[in-house]
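Worksheet: one structure, shown below.
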Amino acid sequence: MPLFNQKVSPGLSIADDTDILHFLNPDNSDKYVDARTALKNSDIYSIVFQLSADLANGKLKADAPRAQGILNNPTQTSNAHAFWQSMFAQLLLGGECFAYRWRNQNGTDMTWEYLRPSQVTPFLLEDGSGLIYNINFDEPEVGVMEAVPQSDLIHIRLLSQNGGKTGISPLSALANELQIKDKSNKLTLSALGRSIIAPGILSIKHGGLLSDEDKASRSRKFMKQTSKSENGPIVIDDLEEYTPLEVKSNVAQLLNQVSWTGAQIAKVYGVSDSIINGQGDQQSSIQMMGNDYVKSLARYAKAVTGELNNKLNANINLDLRSAIDPLGDSYAATISNLRKNGTLAANQAAWLLKESNYFPEEMPEASTPPVSISTSRDDKSMEGGDNDDED
């Protein structure tokens with residue numbers, strides 16, 4: 001009979017190369033960037049907000065009614081848009097996001113609960129056949145769940161170093177940039193503060209050598225005179241000369257460091273820095289930047305739909321058309337061009353525009369057929385209602 005009851009381990013801990021590096025260099029704590037701290041950075045907040053909002057503005061479409069139902073109403077504590085934006089924001093900040101699937105006895109999803117990464121600890125089964133999770137719920141009635149199978153959890157990952165088991169936070173690539181920006185901001189504020197404290201130089205001529213106490217006393221008297229003048233002109237005698245200081249170019253260069261770090265942050269998230277800086281040169285460049293932004297959204301969308309297809313056993317797509325073209329004008333222009341080229345008929349084009357809600361469903365049918373659009377390049381003008389039989 002054994003002396004001790006040996007408890008079998010529920011699974012193997014998942015480690016990657018970063019854990020080994022931290023073990024060899026435990027004092028290297030500056031490589032970790034907390035998500036709450038990162039959101040205080042205006043550039044990171046802007047990118048995470050825009051990307052998560054645009055991904056949440058897209059429509060998740062499934063070919064199974066049950067899957068579509070849970071995608072449209074995933075939670076009972078908030079609306080669907082807030083839930084998905086929170087999931088996508090956590091995905092962009094931490095490289096992975098979690099949601100627990102509360103299901104009935106038949107295995108049908110009833111509701112999903114958003115989980116913070118600190119609540120979830122993943123483990124690898126000893127035979128390597130899958131993952132299990134230990135989850136610490138906020139509800140006291142639920143408490144801690146151990147050895148939760150991966151089928152009960154939505155686990156979306158981005159870039160991974162362990163075969164897709166866990167994700168890597170994009171913030172890990174911004175540790176040096178954020179430190180540089182933080183020190184640059186402190187240096188800039190210090191330089192600006194000193195320029196305000198010492199707004200100018202008061203020179204005393206033909207006064208001989210004054211002691212430090214006399215210089216400091218005259219400076220205080222001059223500042224007192226300045227405050228009492230109420231933004232009026234300062235009167236000095238011929239023995240004094242006041243020269244105001246200007247902000248030097250090196251201080252302006254310090255302010256330009258913000259754009260450099262903003263470009264680095266945008267590069268990590270795969271978007272153009274014009275998204276956070278609001279820059280655009282020409283219409284062609286704006287169109288090009290729009291296409292690149294759509295590609296960036298598509299990269300994140302594939303990570304989302306890949307996990308949902310696996311867990312819900314359905315064919316799910318994330319339609320980003322409503323996010324990148326909220327008014328539908330670009331889509332309508334594309335349909336119009338297809339109609340002009342003869343690819344689509346008039347009734348087909350009208351049906352597509354109604355399906356995209358560009359045209360209302362109650363739109364009446366045309367009383368007369370619409371006039372066909374001429375695509376010839378000659379200078380002849382065509383009047384509506386006239387039939388020309390000539391070639």
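Suppose we keep only residues that are open to solvent by 20 Å² or more (accessible area, probe 1.4 Å) and of a type in the set (Gly, Ala, Ser) within the stretch 53-85. Which one would you say is farthest from Phe98 (Cα to Cα)? Only one residue tops the list, namely Ala64. Residue pairs whose Cβ atoms lie under 7 Å apart, sitting 6 or more positions apart in sequence or on different chains, and linking a residue in the stretch 346-357 that is within 17 Å of Ser330 (Cβ to Cβ) and touching a residue at least 12 places away in the same chain (Cβ under 8 Å) to a partner that is of a type in the set (D, E, K, R) and open to solvent by 40 Å² or more (accessible area, probe 1.4 Å), are Ala349/Arg339. The strands (runs of 3 or more DSSP E) found wholly in the stretch 133-226 and carrying at least 3 residues that are modelled with pLDDT of 80 or more occupy 144-149, 153-157. For the stretch 14-66, the set of residues classified as modelled with pLDDT under 85 and small (Gly, Ala, Ser) consists of Ala15, Ser29, Ala35, Ala38, Ser42, listed by residue number. Taking the stretch 132-168 as the range and being among the polar types (S, T, N, Q) and open to solvent by less than 30 Å² (accessible area, probe 1.4 Å) as the test, the residues that pass are Asn162, Thr166. Take the conditions (1) without any contact (Cβ under 8 Å) to a residue 40 or more places away in the chain; (2) surrounded by 15 or more Cβ atoms within 10 Å (Cβ to Cβ); Arg103 misses just one of them, which is (1).
Is it true that Val258 is modelled with pLDDT under 75, of a type in the set (A, V, I, L, M, F, W, C), assigned to a helix (DSSP H, G or I) and touching an Asp or Glu at 6+ places or on another chain (Cβ under 9 Å)? For Val258, the condition - modelled with pLDDT under 75, of a type in the set (A, V, I, L, M, F, W, C), assigned to a helix (DSSP H, G or I) and touching an Asp or Glu at 6+ places or on another chain (Cβ under 9 Å) - is met. Just one of (1) over 27 Å from Asp54 (Cα atoms); (2) open to solvent by 70 Å² or more (accessible area, probe 1.4 Å) fails for Glu361. It is (1).
Table: residues versus (1) hydrophobic (A, V, I, L, M, F, W, C); (2) modelled with pLDDT under 85.
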position: Leu338; (1), (2): yes, no
position: Ala346; (1), (2): yes, yes
position: Pro360; (1), (2): no, yes
position: Thr368; (1), (2): no, yes
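Taking the stretch 318-358, which residues are in a loop (DSSP other than H, G, I, E, B) and touching a Leu at 6+ places or on another chain (Cβ under 6 Å)? Residues satisfying the conditions are Leu320, Leu344. In the set (1) open to solvent by less than 30 Å² (accessible area, probe 1.4 Å); (2) more than 22 Å from Ala298 (Cα to Cα), the condition left unmet by Leu125 is number (1).
If only residues of the stretch 310-331 that are surrounded by 15 or more Cβ atoms within 10 Å (Cβ to Cβ) and over 24 Å from the mean Cα position of the chain (by Cα) are counted, the one that is modelled with the lowest pLDDT is Tyr331.
The values are calculated or read from the model by the stated rules, or taken from the named source; none is laboratory data. Every value quoted in this text rests on a predicted model; they were computed, and no experiment measured them. When we count neighbours, we look across all protein chains shown, and the Cβ atoms used for this are built from the backbone with ideal geometry, even at glycine. With ligands, DNA and RNA removed, areas are computed over all heavy atoms of the protein, side chains included. Shrake-Rupley method; radii C 1.70, N 1.55, O 1.52, S 1.80 Å.
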